[in-house]
Amino acid sequence: MTQIRNKTDYNLTKKEWRDSNKEKVKESRKKWAVKNKEKRNIITKRWSEKNREKRKEYFKKWRLDNLEKCRQYSRNRRARIYEAFGSHIIGDWETLKAQYNWTCPACGKSEPEIQLTEDHIIPLVKGGSNNIENIQPLCKNCNSRKYTKIITYSPNGEINLIYNGEKEK
């Protein structure tokens, strides 16, 4: 083993070891964080207070890099506010859009010309769920026009209007 001459050499040697043993370091830090939860919270809080701008920039960049995750979080939060049961993930939504061929079934326009939005067939305000079975892709205009009416658009273009639980075509 080489002899360490001064503090700079020692710190460099530590850094080299950490760089070559990233998994061990990660595991060790996780264990420490679990063991020292309160201390970790204090350290994190202090760092956040000292680095407000750095933190702000980091989260701003993260939101831009993860737009769909942020949108999904907002939609799920809205559903929780209405106490709607059920949820779905981004993959379910992408699959549903593919079933509709990335086309709004109400007006026939396709992405990227329009942006498809999640429309609840039975609106959350009327007790609808947030399950993927209660979601259909509509463009913003058609979704706004539908408002709280209960209308089902199928991928093949069929429209079902539902009033008081009865279907009309």
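Pick from the stretch 89-126 the residues that are of a type in the set (Val, Ile, Thr) and in a helix (DSSP H, G or I): which of them is nearest to ASN156 (Cα to Cα)?
Of the residues in the stretch 89-126, the ones of a type in the set (Val, Ile, Thr) are 89-90, 95, 103, 114, 117, 121-122, 125.
Within this subset, residues satisfying the condition of being in a helix (DSSP H, G or I) are 90, 95, 125.
Details: ILE90: 23, THR95: 16, VAL125: 27 Å.
Looking at the filtered set, the residue picked out is THR95.
Only one residue in LYS146, LYS126 is surrounded by fewer than 14 Cβ atoms within 10 Å (Cβ to Cβ), over 22 Å from the mean Cα position of the chain (by Cα) and charged (D, E, K, R), so which one is that?
On inspection, the qualifying residue turns out to be LYS126.
Taken over the stretch 18-37, residues that are surrounded by fewer than 11 Cβ atoms within 10 Å (Cβ to Cβ) and not in a helix (DSSP H, G or I) amount to 0.
Does any residue of the stretch 53-75 turn out to be within 30 Å of GLY157 (Cα to Cα), in contact (Cβ under 8 Å) with a residue 40 or more places away in the chain and out of contact with any Pro (no Cβ under 9 Å at 6 or more places or on another chain)? Yes, some residue in the stretch 53-75 is within 30 Å of GLY157 (Cα to Cα), in contact (Cβ under 8 Å) with a residue 40 or more places away in the chain and out of contact with any Pro (no Cβ under 9 Å at 6 or more places or on another chain).
Taken over the stretch 115-162, the criterion of being of a type in the set (Ser, Thr, Tyr) and touching a residue at least 40 places away in the same chain (Cβ under 8 Å) is satisfied by SER129, TYR153, SER154. Say whether the condition of being hydroxyl-bearing (Ser, Thr, Tyr), outside the structural domain of PHE59 (by TED's automatic domain parsing) and part of a helix (DSSP H, G or I) is met by at least one residue in the stretch 152-169. For the stretch 152-169, residues hydroxyl-bearing (Ser, Thr, Tyr), outside the structural domain of PHE59 (by TED's automatic domain parsing) and part of a helix (DSSP H, G or I): absent. The conditions are (1) assigned to a helix (DSSP H, G or I); (2) closer than 30 Å to GLY157 by Cβ, and GLY86 fails exactly one of them. Which is it? Among (1) assigned to a helix (DSSP H, G or I); (2) closer than 30 Å to GLY157 by Cβ, GLY86 violates only (1).
What do you reckon, is TRP93 without any contact (Cβ under 8 Å) to a residue 40 or more places away in the chain and of a type in the set (Phe, Trp, Tyr)? It would help to see each step written out before you state the result.
Values: without any contact (Cβ under 8 Å) to a residue 40 or more places away in the chain: no; of a type in the set (Phe, Trp, Tyr): yes.
Against the criterion (without any contact (Cβ under 8 Å) to a residue 40 or more places away in the chain and of a type in the set (Phe, Trp, Tyr)), TRP93 does not qualify.
Residues of the stretch 107-123 that are within 22 Å of the chain's Cα centre (by Cα) and of a type in the set (Asp, Glu): GLU111, GLU118, ASP119.
ASN130 fulfils the conditions (1) assigned to a loop (DSSP other than H, G, I, E, B); (2) assigned by TED's automatic domain parsing to the domain that holds LYS30 except for a single criterion, (2). For ILE81, work out the one condition from (1) under 27 Å from ILE162 (Cα atoms); (2) at pLDDT 90 or above; (3) loosely packed, with under 11 Cβ neighbours inside 10 Å it doesn't fulfil. In the conditions (1) under 27 Å from ILE162 (Cα atoms); (2) at pLDDT 90 or above; (3) loosely packed, with under 11 Cβ neighbours inside 10 Å, ILE81 misses (2) alone.
Quick one: is ASN141 assigned to a helix (DSSP H, G or I) and under 24 Å from the mean Cα position of the chain (by Cα)?
yes
The values are calculated or read from the model by the stated rules, or taken from the named source; none is laboratory data. Only a predicted model underlies this, so the values are computations on that prediction, with no experimental measurement involved. Quick reminder, even Gly has a Cβ in these numbers, built from the backbone with ideal geometry, and neighbours come from all protein chains shown.
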